[in-house]
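We did not get these values from a lab; they are worked out from the coordinates using the rules stated. Predicted, not measured: the structure shown is a model, and the values here were computed from it. Positions of Cβ are generated from backbone atoms using ideal geometry, with glycine treated the same way; all protein chains shown enter the neighbour counts.
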Amino acid sequence: MAKVAFTYEIPEIAEKKLTEAGFELWINKEDRTLSHEEIIELAKNYDALITLLSDNINKEIIEAGKGKLKIISNYAVGYNNIDVEAAKKAGIFVTNTPGVLSDATADLAWALLFAVARKIVESDKFVREGNFVGWRPKLFLGYDIKGKTLGIIGMGRIGKEMAKRAKGFEMKVLYYKRNRLSENEEKNLGIEYADLKTLIKESDYISLHTPLTEETYHLLDEEEFSLMKPNTIIINTARGPVINEKVLIKYLKERKIAGAGLDVYEEEPKIPQELIELDNVVLTPHTGSATFETRDKMAEMVAENIITALKGEIPPNNVY
Ligand code: DGY
C-alpha cells in the first residue's frame, strides 16, 4: 500500500480522497512546522509528501527521498520553498495548486489596498480606544481610488484577477511582465503594458503578483523606490523578498511613499519591529488564499496530483 505523509494538517477533503484511493496516511497533527530531520525521515519512508510553503524542501531532503518518494505536492501555488531542479534530477514530481486561489489572493490584495488608502486599521483602533469625540474635517484623510493608476507587476492568473476588479473603480491599469500579453488580452482586461520604471513612476498603487525567482528577488530596491510618487501605496501578496524590506521601511518611515499593505515578508514569520511600529502599513499573516472555499479546492488538488502520480502518470500540476 502506497504511503502519503502530510507535514501539516490541511482540509479534510484531502484525507478523504486519499483514503478512498487506498493510501496509508500519516498526518502531522501537532501545530508546528516539522524539523528538517523529521522531513528527511518522511522523504525516506513515504511515496508522497504534502508540504506547506513554510517547509524548506532542499536538496538534502530530496536526496533522502530518491528511490522511494514519487511526488512532493505543495499546498500552495508558489513553490520557491522547494529545490525543483534537484527534484527533477531525482525523478520526483513537484506539484502546486494554480488557479484556484487567484480570486482569494486578488481579493486580499484589494482589501489591503482599501485598508491602507482609507486607514481602516488605524481608524478602528482609534474608535475602540474611545477617541471618537465627533466628526472632524481632517480626521483620517486617505486617498481616492476611483480614477487613479494601478500598476500591476506580474500579470499571471492573480494579476489578471487584480486587474479585472480595477475596472469597477475606473482605474487606469498599467502592467509589467517579462513576456507581454497579446494585444487582444490587453484589450479585454483594459490594461496597458509599461516598462518597470514607467509603471513605478506613474502608479498611485503598485501591487505585486510575481513568483519569487532569481530575477524577481529585490525587484523593488533603492533605485525603484526613488522613482515612486509620495502618494504611492504598495501592496504585496506575492513573496516578501520581491521587495527589499529594509528599503521599504526606510521610505515608509521617511514618508517618501504613502503606505504599504503587506501579506508577505522577507524572512517569514519574522517581521522587523520597525515595520510593526509604523502607522502607514497594514500587515496580514500570509493569508492570501485563506478562504474556506479556496483552501478546500487547494486540498482537493493536492490529493488529485498525488493520486495521478502514484498511478505512474504525470500529475496535472507538475511544475517542470
Ligand atoms: C501560495 O499559495 O503560494 C500563496 O502564497 C498562499 O497565500
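Between helix 292-309 and the chain there is an angle of about 30 degrees, using the helix long axis and the longest principal axis of the Cα atoms.
Gain on full extension, evaluated as 0.36 nm per residue between residue 196 and residue 1 minus their Cα-Cα distance, stands at 65.0 nm. For the stretch 112-217, just say rounded, prolate or oblate: build the C-alpha gyration tensor, square-root its eigenvalues into a ≥ b ≥ c, call rounded for a/c under 1.5, and beyond that prolate if a/b exceeds b/c, oblate if not. Judged from the Cα gyration tensor, the stretch 112-217 comes out prolate (a/c at least 1.5, a/b above b/c). Measuring nothing but how far apart in sequence close Cα pairs (under 8 Å, 6+ apart) lie, relative to its length, the stretch 101-283 scores a relative contact order of 22 percent.
Spin-label pair residue 20-residue 68: with each label point 7 Å from Cα along the Cα-Cβ axis, the two points sit 2.9 nm from one another. Residue separation of residue 179 and residue 89 scaled by 0.36 nm, minus their Cα-Cα distance, works out to 29.7 nm of gained length. Footprinting exposure proxy ranking of 298, 171, fewest other C-beta atoms within 10 angstrom first, gives 171, 298. Which of the three applies to the stretch 191-230, rounded, prolate or oblate, going by the alpha-carbon gyration tensor with a ≥ b ≥ c and a/c under 1.5 meaning rounded? Note, shape of the stretch 191-230 comes out oblate. Segment residue 254..residue 29, full-extension length gain: 76.5 nm, with 0.36 nm per residue of separation and the alpha-carbon distance subtracted. Relative contact order, whole percent, for the chain stands at 19, derived from Cα pairs under 8 Å and 6 or more residues apart.
For the chain, the longest principal axis of the C-alpha atoms and the axis of helix 36-45 are separated by about 40°. Enclosing the Cα atoms of the chain in their convex hull gives a volume equal to 152 cubic angstrom per residue. With 31 Å as the limit on Cα-Cα distance, the pairs of 138/177; 138/167; 160/229; 89/201; 89/246 that go past it are 138/177; 89/201; 89/246.
Applying D = kT/(6 pi eta Rh) to the stretch 176-320, where Rh is the Kirkwood radius over alpha-carbon pairs, T corresponds to 4 °C and eta to 1.567 mPa s, the Stokes-Einstein value obtained is 74 µm²/s.
With Cα atoms as the point set, the radius of gyration and Dmax of the stretch 155-248 evaluate to 12.9, 39 Å.
Which part of the stretch 141-168 falls in the paramagnetic zone of residue 126, meaning amide N under 13 Å from the point 7 Å along Cα-to-beta-carbon? In the stretch 141-168, the label zone of residue 126 (backbone N under 13 Å from the point 7 Å along Cα→Cβ) covers 141-143.
Other residues with beta-carbon under 15 Å from the beta-carbon of residue 202 carry, at +1 per Lys or Arg and -1 per Asp or Glu, a net charge of +1. Dividing the convex hull volume of the alpha-carbon atoms in the stretch 230-272 by its residue count gives 60 Å³ per residue. Taking every pair of Cα atoms in the stretch 279-320, average 1/r, invert it to obtain the Kirkwood radius, and report Rg/Rh to two decimals. My calculation puts Rg/Rh at 1.25. Against the compact-protein benchmark of 2.2 N^0.38 Å, the Cα-based radius of gyration of the stretch 1-143 scales to 1.51.
The Stokes-Einstein estimate for the stretch 101-283, based on a Kirkwood radius over Cα pairs and taken at 37 °C with 0.692 mPa s viscosity, is a diffusion coefficient of 196 µm²/s.
Each residue of the stretch 152-168 is assigned a 3J(HN,Hα), and the resulting list reads 10, 9, x, 10, x, 4, 6, x, 5, 5, 4, 5, 4, 5, 6, 4, x Hz, derived from the Karplus form 6.51 cos²θ - 1.76 cosθ + 1.60 (θ = phi - 60°), x at Gly and Pro.
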